[in-house]
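Let me begin by presenting the structure, written as structure tokens, before commenting on it.
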Amino acid sequence: MSKSFKALGLAVSALALTHLPAAAQTKVTNEGISATEIVIGTHQDLSGPIKVWGVPVSNGMKMAVEEINAAGGINGRKIRMILEDSGYDPKRAVLASQKMVERDKVFAMVGPMGSPTVLAAQDVLFDAGVLQLFPLTAAEFTFKFDPAKPQERLKFNNLLPYVESTRAAVKFMVEAKNFKKPCIMHQDDEYGKNVLDGFTQQVGAMKLTPASVTSYKRGASDFSAQVAKMKSDGCDMVVLGTVIRETIGAMSEAKKLGWDVTFLGATPTNVLEVPALGKEAVEGLYAASGFEIPYEDTAKGKVKDWLANYKKMFNTDANTQAIIGYNAVETFAYYANKAGKDLTGQKMLDALESGDKFLDIFNSPSPPDFFDLYFPSATGWAVAEPVPPRSRANSSPSIRRRSSPLGCRAAGRFPASGGRLRDECV
């Protein structure tokens, strides 16, 4: 593929620049800043159901910290990162956040993992004036804020929202394949609710009626009842508000029943572990994506060097999750540098709200550029693009088609046996 990493760009300027009225005061901490270091925190799932996200995310973050410190730090200050394991458990995330705020005195929480865990813990941060930056969830609560609550000004995100990416995916697939009976299976938490909201909004806008809506408890492993119900309801497309093992489980169950239906995954399903672990069971899965996954044998320049360095450091290949973790810390460092040598919480907040764009080594776009989504169409592979900019208020997605830089008519990806997502240009 000629395109690489088209949608990990910073969305701060589009997602988080609405200013509060002058009378509203936002408390921002100066804890964690000394003459020699900046202390940041993060909580990841290192032992629970989505550790295949948490471990590489934390690895990417560690790599970024090491590189930044080796280059002299941020205006002479080294980053010290406190990493806690939440196990994807909201209660553990709250306890971890309390520990990092009260004992470790973190300046900012960077890249915390998961919708339910981030939601449960964020008030601990806001009450202490700690910034919540670039969480590993695209749920709407991570970037929308209530002007009557000035502490919510402390949250920023750089991922394409689940609602909008789901709307774009559903719209494109229905138009391309002429589906009439769309259905959804989603996780019963904040992440799943956002995917459901996007699905419901889009099928409503297209004057369709969902043939089936079903959910499962976070951590579930048996999806036989949900899949049997959707088959009985006559679904012709199933949107999956799932992560990794649930995606594989649902599609495996459909195979057992001999049910040939189109599955469309939300963005968290589009990771290498799905085809690597699911193999033939996930053949034919369509998934929304914000960027292309690079491979060491085809990458070039800084990206190729980065992939090699990651493998050398962690003895495994880099993946989507590692890139997102790496970019979370790199983005933090960019705005901390912009805040200047006399770093304070207020100056960091001002830098984040400045509208300056962080440009990473992966050629990710920043608003007002487009976030790309890749889908197979009836005539080949196509690029669907939900269009920023957006404020913290609601906005509707729109989609357009365009060619890739080297003149390919359409481009896209799908999982294939052997653990690699195959890129095609037609």
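What follows is calculated from the coordinates using simple rules that are stated; it is not laboratory data. All figures in this text were calculated on a predicted structure; none of them were measured in a lab. Cβ placement follows ideal geometry from the backbone for every residue including glycine, while neighbour counts extend to all protein chains displayed.
Give me the pairs: first residue in the range 52-67 and touching a residue at least 40 places away in the same chain (Cβ under 8 Å), second residue surrounded by fewer than 24 Cβ atoms within 10 Å (Cβ to Cβ) and charged (D, E, K, R), beta-carbon distance under 6 Å, and six or more apart or on different chains, which are they?
Note: pairs meeting the criteria are 52/273; 64/330.
Would you confirm whether any residue within the range 84-103 is out of contact with any Ser or Thr (no Cβ under 7 Å at 6 or more places or on another chain), of a type outside the set (A, V, I, L, M, F, W, C) and within 11 Å of residue 44 (Cβ to Cβ)?
Yes; the residues of the range 84-103 include at least one that is out of contact with any Ser or Thr (no Cβ under 7 Å at 6 or more places or on another chain), of a type outside the set (A, V, I, L, M, F, W, C) and within 11 Å of residue 44 (Cβ to Cβ).
Please find, within the range 267-288, the residue that is surrounded by the most Cβ atoms within 10 Å (Cβ to Cβ) out of those that are part of a helix (DSSP H, G or I) and of a type in the set (Asp, Glu).
Per the criteria, the residue is 273.
Let me spell it out: the conditions are (1) in contact with a Leu (Cβ under 6 Å, 6 or more places away or on another chain); (2) under 24 Å from residue 55 (Cα atoms), and residue 239 meets all of them except one. Which number is the exception?
So residue 239 meets the others, but not (2).
Spot the failing condition for residue 305; the list is (1) in contact with a strand residue (DSSP E or B) (Cβ under 7 Å, 6 or more places away or on another chain); (2) not in a loop (DSSP other than H, G, I, E, B), and only one is missed.
(1)
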